[in-house]
Structure formats: structure tokens, C-alpha cells
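Please treat every number below as a calculation from the coordinates, not as lab data. These figures come from a predicted structure and were not determined experimentally. Neighbour counts run over all protein chains shown; Cβ positions are idealised from the backbone, glycine included.
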Amino acid sequence: MRQGYVYILASKRNGTLYTGVTSDLPRRLYEHQNDLTPGFTSRYGVKTLVWFEIHDLVVDAIRREKTIKKWPRAWKLNLIESVNPEWDDISPWLL
């Protein structure tokens, strides 16, 4: 099994949020930022990586993503701000 990532993208601080899961976060982020996949993120300009979490198993990442998607918005904002209070683009952390 491969490791997995749960991530949150934002259009701006306190803007539109998107929660996703992938086994290759740099590739998936590139797809979001370059509108290579039609859908929610390209429609609403959600391109800034503001939070992510690594899991040893992709199945655990999927389970966590489903949990976070059910959370109230305030909980998601608190999660982001617990590690990224300025809502900076944290994609350089992936290097």
C-alpha cells in the first residue's frame, strides 16, 4: 500500500475551501493549479494549498478526508489556522 495525503485548498483567506485526498500531492496540486481537471476547484479558483496531512496508508487518508468533509466549516478553519494562521501557500513545504 502507498501513503496518502489529505489536503485543503482555499481560494483566499476564509474563502472557498476544497478538501481532497491523493497518493501524490505534488502532482495533484499541479493539476488543481493549472486547471487540468475540470470541476469544483477550477470553477471556483481554489488553488492555494493551506493544509495537508500525510498518512502511512492511503486508506487511512481516505477515511480522514471523509471525516473532514463532514465537519462544520468552523472546524476546518480551526484546523487550517492551527498550523497556518496566515493562510499562506504551503506548497513549498512539499519540496
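Figure legend. Inter-residue proximity from region 63-92: first residues touching a residue at least 60 places away in the same chain (Cβ under 8 Å) and surrounded by 10 or more Cβ atoms within 10 Å (Cβ to Cβ), second residues in a helix (DSSP H, G or I) and not β-branched (Val, Ile, Thr), beta-carbon distance below 6 Å, spacing 6+ or different chains. Indicated pairs: 91/29.
Would you call residue 15 free of Cβ contacts under 8 Å to residues at least 60 places away in the same chain, closer than 24 Å to residue 75 by Cα and in contact with a His (Cβ under 9 Å, 6 or more places away or on another chain)?
Answer is no for this residue.
Just one of the listed residues (89, 60) is assigned to a loop (DSSP other than H, G, I, E, B) and among the acidic types (Asp, Glu), and it is 89.
Suppose the filter is within 10 Å of residue 6 (Cβ to Cβ), of a type in the set (D, E, K, R) and surrounded by 13 or more Cβ atoms within 10 Å (Cβ to Cβ); does residue 53 pass it? Taking the combined requirement at face value, the residue satisfies it. Could we say that residue 44 is within 12 Å of the chain's Cα centre (by Cα) and surrounded by 13 or more Cβ atoms within 10 Å (Cβ to Cβ) here? In short, no. The set of residues from region 27-39 being under 23 Å from residue 86 (Cα atoms) and either over 11 Å from the mean Cα position of the chain (by Cα) or of a type in the set (Asp, Glu) (or both) comprises 30, 33.
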